[in-house]
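K.L.:
Dumping the structure here so I can ask a few things about it.
Only the coordinates and a few stated rules stand behind these numbers; no lab work does. On a predicted model such as this, the values are computed, not experimentally measured, just so you know. So basically every Cβ, Gly included, is an ideal-geometry build from the backbone, and we count neighbours across all protein chains shown.
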Amino acid sequence: MRKLSVLLAAVAAGASAPAFAGDIAGPRVEAILGWDNVRVDIDGLGHGSRSGFMYGLGLGYDFAVGGNVALGIDAEISDSTADLDVTDGTDRARLSAGRDLYVGGRVTGAVSDRFNVYAKAGYTNARIKGSVTTGGVTDSDSANGDGIRLGAGAQYMVTSNAYVGAEYRYSNYEGGLSRHQVAATIGYRF
């Protein structure tokens with residue numbers, strides 16, 4: 001009988017606990033600003049990395065799956081000012097990070113009625129632009145690289161719909177390209 005009383009008390013406590021999922025479910029849009037470090041590893045030639053400013057726009061939708069847990073989908077487009085310049089006399093080579101597209105999933109947990117944490121994973125496609133100037137003649141080209149992104153972040157609800165957040169993400173692309181990013185987010189849940 002005592003075990004049944006303890007079980008009923010636990011169920012009652014769980015039922016009376018605040019449900020935060022309303023704060024983490026539904027559509028959202030956010031501005032993304034932060035630091036971007038792009039690294040290129042070229043077989044036999046070594047590596048180079050440069051940092052820059054990244055900026056973009058993210059969209060998502062979260063589905064409540066428990067009292068304070070949601071599963072979501074994310075889409076993002078961003079760009080970066082990170083570039084690498086090499087000059088030898090009058091010859092110059094420049095490698096620049098271009099737009100980055102991302103789509104993936106995420107798991108969000110409400111820690112309180114205002115504070116959420118999440119982890120994300122998905123597909124990313126980055127464009128790298130390059131140019132070489134030799135003897136006053138410049139040749140330019142660009143290429144896309146497919147990869148995966150892993151990330152983790154936190155959000156603080158400033159109002160019932162607006163939030164600010166911070167996120168770390170790592171992306172690894174084909175062709176020896178990778179990036180580390182630390183981003184601040186400013187968003188709105190509908």
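K.L.:
Hey, what angle do you get for helix 2-16 against the long axis of the chain, alpha-carbon based, 0 to 90 degrees rounded to 10?
P.N.:
Rounded to the nearest ten degrees, it is 60.
K.L.:
Ok, one more. Once you have the Cα-Cα distance between Val158 and Val65, take 0.36 nm times their residue separation minus that, and quote the gain in nm to one decimal.
P.N.:
Length gained between Val158 and Val65: 31.1 nm.
K.L.:
Same structure again: Dipole of the chain, Cα-centred, from +1 at each Lys and Arg C-beta and -1 at each Asp and Glu C-beta, to the nearest 20 debye?
P.N.:
That gives the chain a dipole magnitude of about 940 debye.
K.L.:
In whole angstrom, how far apart do the alpha carbon centroids of segment 47-74 and segment 134-165 sit?
P.N.:
Centre-to-centre (Cα) distance: 10 Å.
K.L.:
Continuing with this model, one more query. What per residue convex hull volume, in Å³, do the alpha-carbon atoms of segment 20-189 yield?
P.N.:
Dividing the Cα hull volume of segment 20-189 by its residues yields 98 Å³.
K.L.:
Further, regarding this structure: Which residue, chosen from Gly48, Asn116, Ser131, occupies the Cα position most advanced towards the positive end of the dipole of segment 20-189, where the dipole is computed from +1 (Lys, Arg) and -1 (Asp, Glu) charges on Cβ about the Cα centre?
P.N.:
Checking the options against the dipole of segment 20-189, the answer is Asn116.
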